[in-house]
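The values are calculated or read from the model by the stated rules, or taken from the named source; none is laboratory data. None of these values were measured; they are calculated from a predicted model. Please note: Cβ atoms are built from the backbone with ideal geometry, for glycine as well, and neighbour counts cover all protein chains shown. Calculation scope for accessible area: heavy atoms of the full protein, side chains included, ligands and nucleic acids excluded. Shrake-Rupley method; radii C 1.70, N 1.55, O 1.52, S 1.80 Å.
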Amino acid sequence: MSLLLAGCTTDPEPTRLDGTDQIVEPAVSSAPPPGPEFDLARRSLAGPLLTRDGKYQARLVGDWVVVSTADGTEFDRFGIGTESVRINMDFSPDGRYLAVGLSDSMVLYDFTTKDPTALPLPEEVKRPDGDPRPSTGQLRFSADSGHLVVELFDERNNSRYWLHDLRSRRQIVSPLPPNIEVPSDPGVILYVTGLAVVNGGKRVVIAGQGGFLVWAPDDRAFQWRPCACGSTLTSAVDRQAQHVAFLTLDDEVVLWDPGPPREVGHWKVPALASGAKPAVNPTELKFTEDGGWLLAGPEYGHV
């Protein structure tokens, strides 16, 4: 298994933003660094969603979400009412909740009670029958498991965002973000590939193609930050919102600190050896839960 490993803990050189900053050619190793955080991220690139301690996994089977133990024994299941090719899910880091995004609601499954609670989409985003309606997209728990942010995907506009305080049960729905012109695809809506909610629910970072949004729910303000890295395949943000990473069409990984925003890393993806399997370049990015490593790979676990 080939490895593209990017450690995210060293102090970077200042970014010159003039096209002359150094591109690092990473060494390719055959052995990943030890540790459960890295192994969890590697396994999740190729398999079902896993809890942080690795005890439980969740996957979609027909119109059921099936929760199993690490050895594959079924723990519980609940129906979602319709078969779907893909739904978004996230476990809370403390292992108490599983959030599942559906077309017309979000299900919050509580491991302590085995109770799945369906939360309908907020009234302010619903439209009359016959009009395209928003649906849940990306969703993410905060690192302390106290908040959950849900993308409300809208095929006509940029997404709005639905923030849940899981302790007080308070909910906030964002306004529409400002118009965003993505240089590689002007005039289209922002395609979101990752979320993070931090600072006790006071800050949400939204990774998309060509840049990232920062939302401050208390004052309803959005800030758009382009990555200035050209056309991108995908992006990701770690759960602590320390870094946003972009994978470009030029096989480069560009790393940003979202606040105060600055580019902090720029790597060339190493070419795969002839005959390597799978012989494809990375198509997705994933941070380890602690934010210390960035993994890149396609479906089947090449990282």
Item checked: Odd one out for Ala118, checked against (1) open to solvent by 60 Å² or more (accessible area, probe 1.4 Å); (2) part of a strand (DSSP E or B); (3) more than 28 Å from Gly200 (Cβ to Cβ) -> (3)
Checklist line | Residues that are buried (at least 23 other Cβ atoms within 10 Å of the Cβ), in a loop (DSSP other than H, G, I, E, B) and aliphatic (A, V, I, L, M), drawn from the stretch 201-255 | finding: Ala241
Item checked: strands (runs of 3 or more DSSP E) contained entirely in the stretch 66-115, each with at least 2 residues that are under 14 Å from Thr136 (Cα atoms) -> 88-91, 97-101, 105-110
Check: What's the number of the condition Ser92 fails, among (1) under 18 Å from the mean Cα position of the chain (by Cα); (2) modelled with pLDDT under 95; (3) not β-branched (Val, Ile, Thr)?
Finding: (2)
Note to self: For a quick check of your reading of the model, give me the residue pairs whose first member lies in the stretch 30-50 and is closer than 28 Å to Leu60 by Cα and open to solvent by 40 Å² or more (accessible area, probe 1.4 Å), whose second is part of a loop (DSSP other than H, G, I, E, B) and at pLDDT below 75, with beta-carbon atoms closer than 6 Å and at least 6 apart or on different chains.
What the structure shows: Arg42/Val303
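Please tell me if Gly130 is open to solvent by 60 Å² or more (accessible area, probe 1.4 Å), on the phi > 0 side of the Ramachandran plot and modelled with pLDDT under 95.
Numbers: open to solvent by 60 Å² or more (accessible area, probe 1.4 Å): yes; on the phi > 0 side of the Ramachandran plot: yes; modelled with pLDDT under 95: yes.
Here the answer is yes, as Gly130 does meet what is asked.
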